[in-house]
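Q: One structure, as structure tokens, below. Some questions next.
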Amino acid sequence: MKITELLTLILIVTLMPFTGSAATLHGTIYDWSTFEPLENTIVEINTTPPQTYVATDGRYSFEVPRGSYKITANHYQNGTIECTASENITITRDGNFVLDILLLPPVIEDPLLDEINLSEPIIVPEEKKSRESTALILIALFSPPLILFATLLLKRHYRRRVAPEEEPTIEEAYERLPEDLQKIIDIITKNGGRMTQKDLRKHFNLSEAKISLMVSDLEERGLINKIKKGRGNILICKR
């Protein structure tokens, strides 16, 4: 066998596992703020050798063999990455695979976070542990009585608030009157329990308007009745 034929046979045998094993990976790159295809995005996949695709209309496509890959997409603005994303994908068979990618603003790392070691345990002093344990015990002991006491106070307040107020008796209402209003009641009572408002005014050195206000006050308190008769009023005492 000639050397040329031998090399050709070796090449065919070497490439046989890859024959017909390619898959098409394609998709659309979307902008996170508009959810529209993002033009002029650079898409890379870590095949061997790596492949790069410029998605001028927001769409990309790669021919890849079976395997696991990381696909990265970056959109640049004035030489700076404006938004980025990366996805992992595993190709297990031939065919078409669709992978749409949503690009997000890059995460800005805070150098101060690197100084925080979350793996180190937080050591609490024994004295503080003891105080916290004592506080928890006191809370557990006194919480139920306090809650019960607060509930009783609320119930008592609620009952007092919603309970209808008892109407005072005529005598109680009379005792609560100021002296000038008591004097009106006394005058009407001495006059047989009734008299005209015009006659009542003769006992006071007050204006007609003031007398009318005092009579209206007594009527609202339920101590007298005022009956309109002609151009005047007849006052009837309830006491």
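The values are calculated or read from the model by the stated rules, or taken from the named source; none is laboratory data. Nothing here was measured: the structure is a model prediction, and the numbers come from that model. So basically every Cβ, Gly included, is an ideal-geometry build from the backbone, and we count neighbours across all protein chains shown.
Q: Restricting to region 57-87, name every residue that is of a type in the set (Gly, Ala, Ser) and either out of contact with any Asp or Glu (no Cβ under 7 Å at 6 or more places or on another chain) or outside any loop (DSSP other than H, G, I, E, B) (or both).
A: Ser61, Gly67, Ser68, Ala73, Gly79, Ala85, Ser86, listed by residue number.
Q: Residues being surrounded by fewer than 19 Cβ atoms within 10 Å (Cβ to Cβ) and out of contact with any Ser or Thr (no Cβ under 8 Å at 6 or more places or on another chain): count how many of those fall in region 60-84.
A: Residues that pass the stated criteria total 7.
Q: In this structure, does Glu165 turn out to be at pLDDT below 90 and either among the aliphatic types (A, V, I, L, M) or exposed (fewer than 10 other Cβ atoms within 10 Å of the Cβ) (or both)?
A: yes
Q: Answer yes or no: is there a residue in region 85-95 that is modelled with pLDDT of 90 or more, within 32 Å of the chain's Cα centre (by Cα) and either of a type outside the set (D, E, K, R) or surrounded by 10 or more Cβ atoms within 10 Å (Cβ to Cβ) (or both).
A: Scanning region 85-95, I find at least one residue that is modelled with pLDDT of 90 or more, within 32 Å of the chain's Cα centre (by Cα) and either of a type outside the set (D, E, K, R) or surrounded by 10 or more Cβ atoms within 10 Å (Cβ to Cβ) (or both), so the answer is yes.
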